[in-house]
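Novice: Provided herewith is a single structure, encoded as structure tokens, for subsequent inquiry.
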Amino acid sequence: MIEDPVFYAVALPVLMLTGISKGGFGAGIGIVAVPTLSLVVPPLQAVAIMLPILCLMDIFGVWSYRRDWSRKLMLYLAPGALLGIGIGTALAGWVDEHMIRLIIGTIAVLFSLNYWLGGRRRDEARPENPVRGVFWSAVSGFTSFIGHAGGPPLQVYLLPLKLNKTVFVGTTTVFFMAVNYAKLVPYGYLGLLTEENLMTALVLAPICPLAMLSGVWLHHRIPERPFYLICYVFVFLVGLKLLRDGVTGVFG
């Protein structure tokens, strides 16, 4: 396992933030985990270490929201996600991850700005559209496979539906549990789940329940309107982060 104390000094607060974000808001700012860990370990190793941790966090998340998720939505979101993971697996080694960050960051920022500048329209719930849902869930599965960055594409579809906040987080949590556990197979096939990475994840595992349950606690204490405002702020900030990383990688 990794023995460098600097790594753990960086990893512990980042994982706490990730768990609070996942447990309380569905995803959001936790997307910074891989870029931050990449400051102290290689990016591929950061992605590999994060996957078992995310899988463990998902268990606590799904248990917390086990009665509050949309089975109807998952009927077409889950197949879309598997399609995206399959595409990611097929293109592994060929994909320019910086360009993906640039595209997804642009979408997230424009999506957030459209909401804030939408006037009355931003308070209107958009009807479900399975075709649109499959598309965005496939994009989410693909970007999640590349770098655990599936939150913004999924939220582009889910947030405008104006679901009950708990159903929104519950559905997001179930979705990413399916995505993360599905990724174990291709990650193992690609040789990313090494003994060192798994043992490092095991050492970090005790923070998972604390972080997730802290997020759940916050979720039930934030009213619905501020909750959605926070979600859009998260998407915007994540978009800016992805844009910055993408521009630096492509043009830097």
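The values are calculated or read from the model by the stated rules, or taken from the named source; none is laboratory data. Everything numeric in this text was worked out from a predicted model, so none of it was measured. As a convention, Cβ positions derive from the backbone with ideal geometry for all residues, glycine included, and neighbour counts pool all protein chains shown. We work out accessible area using only protein heavy atoms, side chains counted, and drop any ligands, DNA or RNA first. Shrake-Rupley method; radii C 1.70, N 1.55, O 1.52, S 1.80 Å.
Novice: Can you list, bin by bin at 10 Å, the percent of alpha carbon pairs in the stretch 186-252, starting at 0?
Specialist: Using 10 Å bins, I get a P(r) of 16, 21, 33, 27, 2 for the stretch 186-252.
Novice: On C-alpha positions alone, give me the angle between the axis of helix 195-204 and the longest principal axis of the chain, in degrees, nearest 10.
Specialist: The angle comes out near 60 degrees.
Novice: With everything on Cα atoms, drop me the angle between helix 130-147 and the longest principal axis of the chain, reported from 0 to 90° to the nearest 10.
Specialist: Between helix and principal axis, roughly 20 degrees.
Novice: Karplus couplings for the stretch 36-47 from phi (6.51 cos²θ - 1.76 cosθ + 1.60, θ = phi - 60°), rounded to Hz, Gly and Pro as x?
Specialist: Listing the rounded values in order: 5, 5, 5, 6, 10, 9, x, x, 5, 5, 4, 4 Hz.
Novice: Using the Cα centre as the reference, give the magnitude of the dipole from point charges on the C-beta atoms of the stretch 63-147 (Lys, Arg: +1; Asp, Glu: -1; all else neutral), rounded to the nearest 20 debye.
Specialist: I would put it at about 380 debye.
Novice: Rg and Dmax of the stretch 15-82, Cα atoms, in Å?
Specialist: 13.7, 41
Novice: Still on this structure, I have one more. With a 1.4 Å probe and all protein chains left in place, how much accessible area per residue does the stretch 116-237 have, in Å²?
Specialist: On the way: 5490 Å² over 122 residues.
Per residue, the stretch 116-237 has 45 Å² of solvent-accessible surface.
Novice: Would you mind telling me which residue in Lys72, Lys162, Lys22 has the biggest mean-square fluctuation in a Gaussian network model of the chain, where springs connect alpha carbons within a distance under 10 angstrom?
Specialist: Ranking Lys72, Lys162, Lys22 by mean-square fluctuation puts Lys72 first.
Novice: Next question. Taking N as the number of residues in the stretch 138-247, what value does Rg over Cα atoms divided by 2.2 N^0.38 Å take?
Specialist: 1.20
Novice: While we're looking at this one, here's another question. Per DSSP H run of at least 4 residues, take -39500 (n - 2.57); add these up for the chain, divide by its residues and hand me the 222 nm value, nearest 500 deg cm²/dmol.
Specialist: Mean residue ellipticity at 222 nm (helix-derived): -25500 deg cm²/dmol.
Novice: Compute the whole-percent fraction of alpha carbon pairs in the stretch 25-148 spaced more than 20 Å apart.
Specialist: 55
Novice: If N is the number of residues in the chain, what value comes out of its Cα radius of gyration divided by 2.2 N^0.38 Å?
Specialist: Values: Rg = 17.0 Å, N = 252, 2.2 N^0.38 = 18.0 Å.
The value comes to 0.94.
Novice: Between Ile100, Ile53, Ile222, find the one with the highest GNM mean-square fluctuation for the chain; connect C-alpha pairs within less than 10 Å.
Specialist: Top of the fluctuation ranking is Ile222.
Novice: Right, here's the next one. Tell me the angle of helix 71-90 to the major Cα principal axis of the chain, expressed in degrees between 0 and 90 and rounded to the nearest ten.
Specialist: 40
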